[in-house]
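The structure under discussion appears below in the form of structure tokens.
Derivation of every value follows stated rules applied to the coordinates shown; laboratory data play no part. Given the structure is predicted, the values throughout are model-derived calculations rather than measurements. Please note: Cβ atoms are built from the backbone with ideal geometry, for glycine as well, and neighbour counts cover all protein chains shown.
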């Protein structure tokens, strides 16, 4: 049997704990702006959701990044679309309208640049896009939001995904060090391993939810993380 090192187990525990906090913050950075976008002053009509709407994951005041949608004509005839895009601003909202026609089977990506001129409520940029096509179910709309990190340089997405990569690696390293240096015959340590595994699952679901725009599910995952932390941090014999 491999020799267990209590010091490495404690190091793994600390790394894993810090990574959990980082993961929760990253989920909130994406989920909270999406939630706030539904409460912003956009006029909404509760049409079916426009799932292709995408906002930048993170920005700084120096970033100019696109808000995008994808339109696809699955019919065997030309299809006309009306698109209305609205963006937050300190004063009046910015609104852009356009009409376009797609050939059968054609997919087209539309984008609008947003930047510091669209920052409102301190640290947020919000977007709403409405589309209407000449079909029975052609009306769709969606909102999304972006958190603006007040830094004196550009590169919000780089910061987000670099932090995400570090967090994922830290979770893996912390979990590995803890598991491979724990006496799992101890019921307390076995229980902690179960909760650590559960937390990994919750974090994964939270990140996937934010990428798919399901902010409510992402926030539920953060709540589960908070609730399970109480059990996770219950002192056990180390």
Assertion target for 223, 102, 92, 121, ordered by fewest C-beta neighbours within 10 angstrom first, is 92, 223, 121, 102
Say each of residue 68 and residue 10 gets a label point 7 Å from the Cα, pointing the same way as Cα to Cβ; how far apart are those two points in nm?
4.8 nm
Computed over region 40-147, the convex hull of the Cα set has an average projected area, in nm², of 6.6 nm²
Taking Cα atoms, how many degrees apart are the long axis of helix 215-232 and the longest axis of the chain, rounded to 10 and kept between 0 and 90?
10 degrees
With a 10 Å Cβ neighbour count serving as the proxy for reagent exposure, in which order, fewest first, do 143, 131, 95, 163 appear?
95, 163, 131, 143
Please order 52, 37, 197 by the number of other Cβ within 10 Å, starting at the fewest.
197, 52, 37
Round to the nearest 10 and give me the degree value, 0 to 90, for the angle of helix 6-39's Cα axis relative to the longest principal axis of the chain.
20 degrees
Per the 1/(1 + (r/R0)^6) rule, R0 = 35 Å and r from the Cβ atoms of residue 49 and residue 151, FRET efficiency to 0.05 is 0.65
In nm, what is the difference between 0.36 nm times the number of residues separating residue 116 and residue 89 and their Cα-Cα distance?
8.8 nm
Under 18 Å from the 7 Å Cα→Cβ point of residue 76, by amide nitrogen: which residues of region 97-125?
103-106
To the nearest 10 degrees, the tilt of helix 187-212 (Cα long axis) against the first principal axis of the alpha carbons of the chain is 10 degrees
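When the helix-only estimate is applied to the chain (DSSP H runs of n ≥ 4, each -39,500 (n - 2.57), divided by the residue count), what is the mean residue ellipticity at 222 nm, nearest 500 deg cm²/dmol? Before the final figure, lay out the partial values.
Working: 4 runs with 102 residues, N = 238.
-15000 deg cm²/dmol, from helical runs alone.
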